[in-house]
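Novice: Here's a structure for you.
Just so it is clear, none of the values below were taken in a lab; they were calculated from the coordinates. Being a predicted model, the structure only gives us computed values, none of them experimental. Cβ atoms come from the backbone with ideal geometry, glycine included; neighbour counts cover every protein chain shown.
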Amino acid sequence: MYDVYFWTTPNGYKPLLMLEEIGAEYTLKSINIGKDEQFAPDFLALSPNNRIPAIVDHEPGDGNAPISVFESGAILLYLAEKSGRFLPKSLRGRTQAYEWLMWQMGGLGPMAGQAHHFLGAKEEVPYAIERYTRECRRLYGVLDGHLEDREFVAGEYSVADMAIYPWIWRHERHRVSLDDYPNVRDWYARIAERPATARASARGADVNPGAQTLLP
């Protein structure tokens, strides 16, 4: 059983995609970032960087006390290693999954997050908008080229896809049309069609009914 400290953001949905795929039981703990609940002392004890998501595994593999994990990429790797699923078994496939997970964590996520921030800011900053939307388009192009000859980013569906998908979900907020990136568009549709993706979306809607659905 897992507790998942969650809000309906791209990073927040990553653990849900994984947990629904592996069929694990979990309880969602709402952390409404619009109300600054991520700064509460109890949450900071789990996630010292005051960011969602975080998880608590009440039955860790070592048989000892519950363990907490923060940072969405670390959570995906933790769950993949524990379950033995969604990390390719081959050295090359696993390395590629690591590469693209880090690409999302260090590139797509931060740049798209900045684009979203400046596009919605009360004071328009044209230089920042141009810088971050341009970088978003470049990153979408990188992903589109990589997906030219493969169904998923590491060949088989993996933690890398689960990390990237929720950020592509916000493409309209980045002022990106998926029609300009047909390989990304088709990849996105394949993941949206997975039953686990629909279940993750529904669980998120239970916590924040007014949020945009995780599905197209």
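Novice: From the gyration tensor of the Cα coordinates in region 142-194, what semi-axes in whole Å does the equivalent ellipsoid have, largest first, with each one equal to sqrt(5λ)? Display every interim value, and only then the final one.
Specialist: Numbers: eigenvalues 56, 32, 18 Å².
In descending order the semi-axes read 17, 13, 9 Å.
Novice: Which value at 222 nm does the chain reach when only helices count, each DSSP H run of 4 or more adding -39,500 (n - 2.57), with the total divided by all residues and rounded to the nearest 500 deg cm²/dmol? Before the final figure, lay out the partial values.
Specialist: On the way: 9 runs with 108 residues, N = 216.
Value at 222 nm, helices only: -15500 deg cm²/dmol.
Novice: Another question, if that's okay. Report the antiparallel proportion of the DSSP beta bridges in the chain as a percent, rounded to a multiple of 5. Don't skip to the answer; put the middle values down first.
Specialist: On the way: 9 of 14 bridges.
Roughly 65 percent of the beta bridges in the chain run antiparallel, per DSSP.
Novice: Largest first and in whole Å, what are the equivalent-ellipsoid semi-axes of the chain based on the Cα gyration tensor, each being the root of 5 times an eigenvalue?
Specialist: Values: eigenvalues 140, 103, 47 Å².
Values for the chain, descending: 26, 23, 15 Å.
Novice: At a Förster distance of 22 Å, what's the computed FRET efficiency of ARG85 paired with GLU25, Cβ-Cβ distance as r, to 0.05? Before the final figure, lay out the partial values.
Specialist: Working: r = 16 Å, r/R0 = 0.71.
Computed FRET efficiency for ARG85 and GLU25: 0.90.
Novice: Going 7 Å from the Cα of LEU44 along its beta-carbon direction, which residues of region 1-37 have the amide nitrogen within less than 13 Å of the resulting point?
Specialist: 37
Novice: How high is the FRET efficiency from ALA189 to HIS58, r the C-beta distance, R0 30 Å, rounded to 0.05? Show your work: numbers first, answer last.
Specialist: On the way: r = 36 Å, r/R0 = 1.19.
The computed FRET efficiency comes out at 0.25.
Novice: Considering Cα pairs under 8 angstrom that are at least six residues apart, work out the relative contact order of the chain and quote it in whole percent. Let's see the in-between values first.
Specialist: Details: 295 pairs, mean separation 49.4, N = 216.
Value for the chain: 23 percent.
Novice: Please report the net charge: other residues with Cβ closer than 12 Å to the Cβ of THR9, K and R +1, D and E -1. Walk me through the numbers on the way to the answer.
Specialist: On the way: positive: LYS14, ARG51, ARG170, ARG173; negative: none.
That sum, taken over residues with Cβ under 12 Å, equals +4.
Novice: To the nearest 0.05, how large is the calculated FRET efficiency for GLU130 and GLU172 if R₀ is 25 Å and r is the Cβ-Cβ distance? Please list the in-between numbers first.
Specialist: Values: r = 18 Å, r/R0 = 0.72.
Once the sixth-power term is evaluated, E becomes 0.90.
Novice: For region 91-194, just run the numbers: alpha carbon Rg, then divide by 2.2 N^0.38 Å, N being how many residues it has. Can you show the working numbers first?
Specialist: Working: Rg = 13.9 Å, N = 104, 2.2 N^0.38 = 12.8 Å.
Scaled against compact globular proteins, the figure is 1.08.
Novice: When the chain is modelled as a GNM with alpha-carbon springs shorter than 10 Å, which of ALA163, ALA40, ALA24 fluctuates the most?
Specialist: ALA40
Novice: With the Cα gyration tensor of region 27-94 giving a ≥ b ≥ c as the square roots of its eigenvalues, does the rule (a/c under 1.5 for rounded; else a/b larger than b/c for prolate; else oblate) give rounded, prolate or oblate?
Specialist: Values: a/c = 2.93, a/b = 1.77, b/c = 1.65.
It is prolate, given that a/c is not under 1.5 and a/b is the larger ratio.
Novice: So, in Å, what gap is there between the alpha-carbon centers of region 1-48 and region 83-152?
Specialist: Their Cα centres are 21 Å away from one another.
Novice: Here is a follow-up. Quickly work out the ALA121-to-ASP36 label distance, labels modelled 7 Å from Cα along the C-beta direction, and quote it in nm with one decimal.
Specialist: Placing both labels 7 Å beyond Cα along the Cβ direction yields 2.1 nm.
Novice: What GluC sites (Glu not before Pro) in region 132-171 are in a loop by DSSP, with at most 13 other Cβ atoms within 10 Å of the Cβ?
Specialist: Loop-located and lightly packed - GLU151.
Novice: Along Cα→Cβ, 7 Å out, is where each label goes; now give me the distance between the ones at MET1 and THR213 in nm to one decimal.
Specialist: Going by the 7 Å Cα→Cβ label model, 3.1 nm.
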